[in-house]
Amino acid sequence: MTTTPLRKDAARNWERIVAIARDLVDQGAPLQLNDVARRAGLGVATVYRHFPTPEALLETVAAPCLEALAGDGEQALADADPWRALESFLSRVVEAQLTDAALPPVAAAAVDALPRTTELKESLASAGTTLLDRARDAGAVRPDLAARDLVALMCGIAHAVNVHGGTPADKTETAHRYLDTLLEGMRPAPSNA
């Protein structure tokens with residue numbers, strides 16, 4: 001986000017703001033810059049200098065998860081087995097949607113506040129599309145499955161799991177069960193030859 005290094009006090013303020021925002025997001029509380037400033041013991045102008053909008057702050061909170069997922073995408077692209085690569089990438093995406101409350105709203109936003117967010121989202125979309133194309137070309141997935149379908153289905157899994165609730169371990173187990181069902185449905189129909 002910032003190209004020049006921050007002064008030590010500004011860097012501390014930035015870290016404090018992001019940490020408080022992370023806590024609020026994890027609690028499911030709305031991210032309001034005035035509230036963040038109050039909780040951080042900082043002036044509102046200080047928060048706004050670092051983050052002009054709540055969306056910019058939310059995207060900053062989600063950035064480590066997006067960066068990790070981009071790395072997962074690169075790792076999956078290096079896997080020579082198209083099905084295993086797609087399966088492992090989708091598994092990681094579903095887990096991230098459940099474990100990082102900042103990810104779903106940032107991923108769903110039509111417009112990004114920060115260029116880095118756009119870059120990371122484009123990287124993830126490209127990896128997912130390439131992985132799906134490779135699996136389709138290898139005959140491992142249905143030929144009619146499009147990348148946009150996969151995005152909606154993955155969001156559906158995360159939403160369904162969150163609606164049902166439970167402990168984090170229960171959610172993860174349920175998400176993997178749903179993902180396994182989805183993956184099985186993605187396989188091409190057996191030929192009747």
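Taking the Cα centre of the chain as origin, work out the dipole magnitude from +1 charges on Lys and Arg Cβ and -1 charges on Asp and Glu Cβ, in debye rounded to 20.
Numbers: 19 positive and 26 negative charges, 125 e Å.
Its charge dipole is roughly 600 debye.
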Task: trypsin sites (Lys or Arg not before Pro) lying in DSSP loop within segment 1-100, provided at most 14 other Cβ fall within 10 Å - done: R7
- [ ] Once you have a ≥ b ≥ c as the square roots of the Cα gyration tensor eigenvalues for the chain, tell me rounded if a/c is under 1.5, and otherwise prolate or oblate according to whether a/b is larger than b/c.
- [x] prolate
Open item on the list: Rolling a 1.4 Å sphere over the protein heavy atoms, what is the accessible area per residue of segment 133-193, to the nearest Å²?
Closed with: 64 Å²
- [ ] Run the quick spin-label model on A19 and D144: label points 7 Å from Cα toward the beta carbon, then report their separation in nm to one decimal.
- [x] 5.3 nm
Task: Accessible area (Å², per residue) of segment 37-108, counting only protein heavy atoms and a probe of 1.4 Å - done: 44 Å²
Open item on the list: Quick check on segment 95-188: take the gyration tensor over C-alpha atoms, sort the square-rooted eigenvalues as a ≥ b ≥ c, and tell me if it's rounded (a/c under 1.5), prolate or oblate.
Closed with: oblate
Task: Separation in nanometres of the label points that stand 7 Å from Cα toward Cβ, at R49 and C155 - done: 3.7 nm
TODO: May I ask you to give the percent of accessible area on segment 15-62 that is carbon plus sulfur, with a probe radius of 1.4 Å?
DONE: 50 percent
Task: Net charge of Cβ neighbours under 15 Å - reference P30; Lys, Arg +1; Asp, Glu -1 - done: -1
TODO: Count charges around C65 for me, please; just the other residues with Cβ under 14 Å from its Cβ, Lys/Arg as +1, Asp/Glu as -1.
DONE: -2
Task: Cα centroid of segment 119-182 to Cα centroid of segment 70-112, whole Å - done: 8 Å
Task: Taking the chain and dividing mean pair separation by its residue count, relative contact order in percent (alpha carbons under 8 Å, at least six apart) - done: 20 percent
Task: Full-stretch length increase - Q32, A125 - with 0.36 nm per residue and alpha-carbon distance subtracted - done: 30.6 nm
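The values are calculated or read from the model by the stated rules, or taken from the named source; none is laboratory data. The shown structure was predicted, so the numbers you read here are calculated from the model rather than taken from an experiment. Using ideal geometry, Cβ is built from the backbone for each residue, glycine included, and neighbour counts are taken over all protein chains shown. With ligands, DNA and RNA removed, areas are computed over all heavy atoms of the protein, side chains included. Shrake-Rupley method; radii C 1.70, N 1.55, O 1.52, S 1.80 Å.
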